[in-house]
Amino acid sequence: MSKVPSLILNNGVSMPQLGFGVWQVPDDEAASAVGTALEAGYRSVDTAAVYENERGTGQAIASSGIPREELFVTTKLWNSEQGHDSTLRAFDASLERLGLDYVDLYLVHWPVPALDAYVDTYKAFEKILADGRARAIGVSNFLPEHLERLIDATSVVPAVNQIELHPQLAQADSRAFHARHEIATEAWSPLGQGKGLLEVPAVAAIARKHGRSPAQVVLRWHLQLGNVVIPKSVTPSRIRENIDVFDFELDAEDMAAFAALDEGKRLGPDPAEFDVR
Ligand code: NAD
């Protein structure tokens with residue numbers, strides 16, 4: 001079966017350390033892409049209501065024949081649905097589109113500080129968790145200041161914070177905060193969206209040294225730091241390449257070369273400001 005190791009979350013649930021991300025995969029292509037990923041051995045899929053591909057993702061799950069308990073399905077609450085009752089309704093709609101009766105992980109997609117509703121939203125997440133309809137709950141794009149407030153105001157410490165993280169944005173402060181609070185760090189855009197990062201000479205050199213692709217050595221860097229990763233691709237050969245990363249290791253010199261690439265470079269929005277609803 002899957003050779004992907006798992007992390008144990010702070011509530012005892014185990015989560016594969018590598019999963020398949022489906023942002024920007026159209027709904028009618030999601031079934032095929034997720035199907036290819038499941039055949040390649042992925043057992044974790046990361047979608048979101050706003051990706052508008054929960055239906056295609058659910059179809060791939062249903063037709064895979066893989067027992068539900070072997071899969072780890074994450075979806076996220078979109079900003080426009082924040083608030084206690086609207087969260088409960090949005091969660092029902094996500095489950096319906098996925099064709100599932102529970103998810104493994106439900107995330108608040110963005111803190112949207114200007115909205116000031118993430119505490120009420122998360123209280124609805126606590127109810128969903130207590131009802132057994134999500135096995136774990138967490139957040140995404142939360143800065144330490146947002147997590148501090150959430151932890152003070154609610155009773156379930158988020159199991160996961162999914163944040164933009166790649167070698168050019170290594171997020172040392174967030175990772176240290178998460179470690180102190182037993183929150184797993186999940187990296188979005190782990191490959192830097194496949195743009196400049198994979199062509200950086202130092203990355204190419206590490207790849208050559210190991211006889212691997214740049215994407216594979218970047219994924220190794222994440223795994224060796226303890227991050228959960230969810231690389232996205234719709235190209236079958238890359239989908240397979242991105243999970244074929246468990247039979248080699250970077251050494252201290254490689255890890256140091258990666259550390260030197262950190263320049264605090266965000267590809268996505270600043271969570272303190274982001275307010276699209
Ligand atoms: P990514 O870093 O996974 O890069 C994906 C791109 O890299 C692909 O479109 C392709 O162009 C390229 N690529 C993939 N595999 C490759 C390979 N082996 N060789 C060369 N190029 C390759 O970027 P992403 O899709 O932005 O992030 C991954 C997942 O993270 C998303 O699909 C989504 O599930 C999640 N995400 C979450 C948030 C959030 O706000 N929570 C935001 C963005 C992404």
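The values are calculated or read from the model by the stated rules, or taken from the named source; none is laboratory data. Computed from a predicted model, the values in this text were never measured in an experiment. With ideal geometry, Cβ positions are generated from the backbone for all residues, glycine too; neighbour counts draw on all protein chains shown. Only protein heavy atoms, including side chains, enter the accessible area calculation; ligands, DNA and RNA are left aside. Shrake-Rupley method; radii C 1.70, N 1.55, O 1.52, S 1.80 Å.
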Exercise. Within the bounds of the range 115-126, is there any residue that is surrounded by fewer than 23 Cβ atoms within 10 Å (Cβ to Cβ), among the β-branched types (Val, Ile, Thr) and within 22 Å of Ser174 (Cβ to Cβ)?
Worked result: yes
For this session: Check whether at least one residue in the range 215-231 is within 11 Å of the ligand (Cβ to nearest atom) and open to solvent by 20 Å² or more (accessible area, probe 1.4 Å), and report yes or no.
Result: no
Exercise. Do we find that Pro271 is closer than 30 Å to Glu81 by Cβ, open to solvent by less than 40 Å² (accessible area, probe 1.4 Å) and in contact with a Gly (Cβ under 7 Å, 6 or more places away or on another chain) in this structure?
Worked result: no
Problem set entry | Among residues of the range 67-83, those that are in contact with a helix residue (DSSP H, G or I) (Cβ under 6 Å, 6 or more places away or on another chain) and open to solvent by 30 Å² or more (accessible area, probe 1.4 Å), counted | 2
Seminar exercise, completed: The number of residues in the range 144-170 that are within 27 Å of Ala257 (Cα to Cα) and within 13 Å of the ligand (Cβ to nearest atom) is 9
Problem set entry | Residue match in the range 44-55 (condition: more than 24 Å from Asn227 (Cα to Cα), away from the ligand (no atom under 11 Å from the Cβ), modelled with pLDDT of 95 or more and crowded, with 24+ Cβ neighbours inside 10 Å) | yes
For this session: Go through the range 147-230 and tell me which helices (runs of 4 or more DSSP H), entirely inside it, have 1 or more residues that are in contact (Cβ under 8 Å) with a residue 40 or more places away in the chain, among the aromatic types (Phe, Trp, Tyr) and touching a helix residue (DSSP H, G or I) at 6+ places or on another chain (Cβ under 8 Å).
Result: 214-225
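Return the only residue of Leu38, Leu18, Leu9 being without any contact (Cβ under 8 Å) to a residue 60 or more places away in the chain and either more than 20 Å from Gly138 (Cα to Cα) or not hydroxyl-bearing (Ser, Thr, Tyr) (or both).
Among Leu38, Leu18, Leu9, only Leu38 is without any contact (Cβ under 8 Å) to a residue 60 or more places away in the chain and either more than 20 Å from Gly138 (Cα to Cα) or not hydroxyl-bearing (Ser, Thr, Tyr) (or both).
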Exercise. Among the residues of the range 79-99, is any more than 15 Å from the ligand (Cβ to nearest atom) and assigned to a strand (DSSP E or B)?
Worked result: no
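Within the group Leu107, Leu129, which residue is of a type in the set (A, V, I, L, M) and crowded, with 21+ Cβ neighbours inside 10 Å? First the steps, then the outcome.
Numbers: Leu129 fails: crowded, with 21+ Cβ neighbours inside 10 Å.
Within the list Leu107, Leu129, the selection yields Leu107.
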For this session: Kindly check whether there is at least one residue in the range 182-198 that is among the aromatic types (Phe, Trp, Tyr) and open to solvent by less than 20 Å² (accessible area, probe 1.4 Å).
Result: no
For this session: Identify, from the list Val234, Val245, the residue that is in a loop (DSSP other than H, G, I, E, B), within 15 Å of the ligand (Cβ to nearest atom), of a type outside the set (Asp, Glu) and open to solvent by 50 Å² or more (accessible area, probe 1.4 Å).
Result: Val234
